[in-house]
Amino acid sequence: MTPKTTLYMVVCFLQLCIVKGQTICERQIIAEWRVEPKHVVMEWTLRRNICTDFYSECWNVNKNITKEDKNLSVPQICPVQLQLGDSLFISSEPSFQSYGMNLINVSKEEFINCPKTIFLEEQQIFVCQVRGLHKVDPTWLSVGTHYFAELHKRGPHLCNMGLRLNVTVKQQLCQETPNAPLCSKHGRCLSHVWEKQYSCHCFSQYSGKFCQNFNVCSTKPCHNDASCIEKSEGTRNSYECACPPEFSGKNCTEIVGQCQPHTCFNGNCSNVTPNTFLCECDKGFTGKHLRDKI
């Protein structure tokens, strides 16, 4: 064993001694799509941000664990989620820079078990060994989940100690056309930490994949316990009120019958059609025939 390798192993041991207790990764459970992409820097180090339990530590959520999820509970750098178009930079731990290491793209199985010493050239993330700050080429950051792991031909294999990274890249499905506003400006483009993409979460009066539909019934246009039925007429939404037997009119505000003396006790009666009338209330009264005080 060369002095350089011995020194490197001592440095690794000291790093592992620094890492005490469990790391709970800080993250947002729900993220909102950013209009502008951003640069994300991941520190390639064993000194901090190494989690083990896939849910409670790495994702900081409570969730029922499946057998497949349990397999992912291995020491690893806190996973990262990116928007499509974000830039990812890997910053190598200074103590590694004189030694150098390879960062390779691996399968999920290799991520769990750590890759062997032999790897294909096309798996290599960087053409040179990792020293300092390196930008990950966008070709490695397509939509989906990617697994990166450390590998070098000599010295200890630090992948088992936690030098591996789970990267998820998400796209947004919040625009009806490329130039359309997100969620038609009637909602928010959000993604839960476990969802594979960003999608629209509409404001209360809107619906549809892009929040493009106005739910006119949410404004409660039908009166007197009538039912509101939404209807689509061309590009606009309309509604129809199913009135109780004693009421009529578009919004069920007209009473079936004709004005008679004292029909409206505290207000004015006016015939709307040959078959319906309205009571216009005096201040402080309400009800079908204006008998009720407010």
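Annotations
- Residue list for segment 206-219, filter: surrounded by fewer than 17 Cβ atoms within 10 Å (Cβ to Cβ) and modelled with pLDDT of 90 or more: Gly208, Lys209
- Once segment 256-294 is narrowed to residues that are of a type in the set (S, T, N, Q) and outside any strand (DSSP E or B), the residue that is modelled with the highest pLDDT is Gln258.
- Any hit, segment 214-223, residues being under 30 Å from Val167 (Cα atoms) and under 33 Å from the mean Cα position of the chain (by Cα): no
- Subset of segment 184-212 that is in a strand (DSSP E or B) and over 16 Å from the mean Cα position of the chain (by Cα) - its residue that is nearest to His146 (Cα to Cα): Ser207
Condition check ((1) among the small types (Gly, Ala, Ser); (2) open to solvent by less than 60 Å² (accessible area, probe 1.4 Å); (3) at pLDDT 90 or above) across all residues:
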site: Leu14; (1), (2), (3): no, no, no
site: Ile30; (1), (2), (3): no, no, yes
site: Val41; (1), (2), (3): no, no, yes
site: Asn62; (1), (2), (3): no, no, no
site: Val74; (1), (2), (3): no, yes, yes
site: Gln81; (1), (2), (3): no, no, yes
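- Among (1) part of a loop (DSSP other than H, G, I, E, B); (2) of a type outside the set (Phe, Trp, Tyr); (3) open to solvent by 50 Å² or more (accessible area, probe 1.4 Å); (4) more than 20 Å from Glu109 (Cα to Cα) - the single one Cys174 does not satisfy: (3)
- Among the conditions (1) modelled with pLDDT of 70 or more; (2) basic (Lys, Arg); (3) more than 25 Å from His134 (Cα to Cα), the only one that Arg34 does not satisfy is (3).
- Whichever residue in segment 221-262 is under 29 Å from Gln175 (Cα atoms) and charged (D, E, K, R) and, among such residues, is most open to solvent (accessible area, probe 1.4 Å): Arg236
- Residue count for segment 83-140 satisfying the condition of being modelled with pLDDT under 80 and β-branched (Val, Ile, Thr): 4.
The values are calculated or read from the model by the stated rules, or taken from the named source; none is laboratory data. Since this is a predicted model, take the numbers as computed values, not measurements. Every residue, glycine among them, receives a Cβ derived from its backbone with ideal geometry; neighbour counts consider all protein chains shown. What goes into the accessible areas is simple: the full protein's heavy atoms, side chains included, and nothing from ligands, DNA or RNA. Shrake-Rupley method; radii C 1.70, N 1.55, O 1.52, S 1.80 Å.
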